[in-house]
Each structure stands twice: as structure tokens, then as C-alpha cells.
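The values are calculated or read from the model by the stated rules, or taken from the named source; none is laboratory data. Being a predicted model, the structure only gives us computed values, none of them experimental. Every residue, glycine as well, gets a Cβ built from its backbone with ideal geometry; the counts of neighbours run over all protein chains shown. With ligands, DNA and RNA removed, areas are computed over all heavy atoms of the protein, side chains included. Shrake-Rupley method; radii C 1.70, N 1.55, O 1.52, S 1.80 Å.
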Amino acid sequence: MNRPTTAIPAALALLFTAGTAYPQPQPNQNTRYASALYLRVPADKIAAFIAWNKSGPGAKAARERLNADSNLIGISLRQATYAGVNAPQANFVLVAVTNGPPADPDPAKRDELYRKATGMVYADYIAKARELSTVTGSTLSHVHEMTPDYQSSEGDYLVVQRIKVAEGRNPDLTALNREVRLPMNTERVKNGAIKGWSSGHLVFPSGTSLPWTGTETTLHKSLASAVGGPGPGGATGGGGGAGAGGGFGNPAVFAKVAPNRNYTQYVDRLRESRTVVRTDLYRVVAAHRR
């Protein structure tokens, strides 16, 4: 199965480290980066795994890391509700969001932090965590566009669309996202259809041969909103559903935020710029933020 993945040591380190080769954001770009660790948890260990990250050692370590690192914005655990075709064999994703690329750790300070939070040094903590889960892959993404006050909480749902950007069309997609799709989704946040929307590209792993090269995420307050139920957040309300955040958007909203543009031409450009490879649905089961 083709999917972004790394060996276990590198995958574990991804939540804490960054290489100096990672590109720095330009002045007009968001500075957020998202490190994702894909995990497979056996059915009989799911309850214990969630408890570990919600209130146990995982939660204590997360809160201590937030206290110690001003660039760490939040850490969340997401459980897969629906995984699309060719998805990694993982039923959980642990995501750390940082302001700028994650920093290289000082091993001694890291051990001190984990000992203070959990009573264990880092290596012992990781060994305990690995008794509950198996790492299946990891990614690092640079978030380019994000609606204001984007913030996930426990109980929220995220519709995550993996996209493949067409060769040579990244500038076009970037322009569409920044000039049209971000304003459209900001308007949807204002009218209560969604909680947030973001888009970004893979920094690690990288390369055009990857099955997907970018991610578009729509944040919802409920499962009904995420899957397209009735009302302002759902399909019949003209703005929500699993495809809306990474889809074309409502023509009425488009006309409001881009009155001088042609909707049909916009849709054609978006179709030519990227392809949705698969759609995943996650529920936030633990969220720690400053």
C-alpha cells in the first residue's frame, strides 16, 4: 500500500523535532506546522489508549510540553470514524501543532520534562505508550491557509481530504485558496455552518510520486454537520457535509465574497489544479492547548 510513512524512530521523533532543511514560511503565509503520528490501536486497548492521552501520562506530558514551549500551540488525539480508500492502517492520529517548524529537542531537558510530568524519562514513557499502539506512519505539513480562530476541541469532527496537486498547478491552487476559498470558508464560519477550515502541503515526506501532496481540513461541531445533515452546516443547507470544505463551495457564498469572479471558471480551475485522493473523518477524543 502506498502511503507516507517512516521507520518508527523517525516517526516518534517527528512530534518533537524539525530539520533545518524545512522551508521557512513566506511573509504572506501562515506559520503553523502540523506533525501527525498515525497509530494502530487494538480494539481491546482503545479505552486505555484514550484514557492515557485524555487524562493519564499522555495528557500530563502534553500539558507540560505546552507550558515549556511557547511555540507549541496544541496537541490533539483524533479517532478515525471513517477512513477512505488507501488510507494508512491507523485508527488514531496524534497531532502536534507548532508556530513554525518543530524544534530539535535537548535530550536532557526532555527527560527532565517527562520525569516532572509523568515520573518517567522519555524513553520509558515511549516504551509504555508503545504497549498500547503501533506507529504506522508520520507526516509534517505546513499549513498555508486557515480561517480565523481555528481551534479544535474534544467532541469536534474533522473532515480531512487528501489532495494531489496537479503538476505545475501549485501557484494556481495557492491563489484560489487564498483569494477565494479562504474567504468563502471564513464566511461559513461566521454563519455557523462550520467551525473552521485549513489547507496545507506535505513537507515530510515530499515528492511528486507521493499518493497525496496536500491536505484540506474542515472542522465541524457535530457528526451531523460533518456528514452533511440538514440545516446550515449540512448539504441541504448549502454549506457543509464531508465534501464542502474541500469542494467547490456554495455559489451564493462565492458571489458574496468574490462578486467579480465567474463561479464556473473558478470550479474549472480548481478541478484542474488538484484531485481529491480520499476523504477521512475523525472525531477529536482529546485536545490540549494553551
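Could you give the length gained by full extension between Asn71 and Ala224, i.e. 0.36 nm per residue of separation minus their alpha carbon distance, to one decimal place?
51.7 nm
Which value, in Å² and to the nearest 10, is the accessible area of Lys45 when all protein chains are kept and the probe is 1.4 Å?
70
If the chain between Arg115 and Val267 were fully stretched, how many nm would it gain, using 0.36 nm times the residue separation less the Cα-Cα distance?
Gain on stretching Arg115 to Val267: 49.4 nm.
Can you compute the modelled spin-label distance between Glu131 and Asp44, with each label point 7 Å from Cα toward Cβ, in nm?
Label-label distance for Glu131 and Asp44, simple model: 1.5 nm.
Computed over the Cα atoms of the range 136-226, what is the ratio Rg over Rh, Rh following Kirkwood?
Reported Rg/Rh, Kirkwood definition of Rh: 0.99.
Would you mind calculating the relative contact order of the range 79-238 from Cα pairs under 8 angstrom and at least 6 residues apart, reporting the percent as a whole number?
23
Roughly speaking, to the nearest percent, how much of the range 100-197's 1.4 Å accessible area is carbon and sulfur?
After summing per-atom areas, the C and S share lands at 50 percent.
Under 16 Å Cα-Cα from Lys195, which lysines qualify once same-chain neighbours fewer than 8 residues away are excluded?
Lys221
Normalise the Debye intensity by I(0) for the range 62-174, one equal point scatterer per Cα, no solvent, then take log10 at q = 0.10, 0.11, 0.12, 0.17 Å⁻¹ and round to two decimals.
The calculated log intensity ratios at q = 0.10, 0.11, 0.12, 0.17 Å⁻¹ are -0.42, -0.50, -0.60, -1.13.
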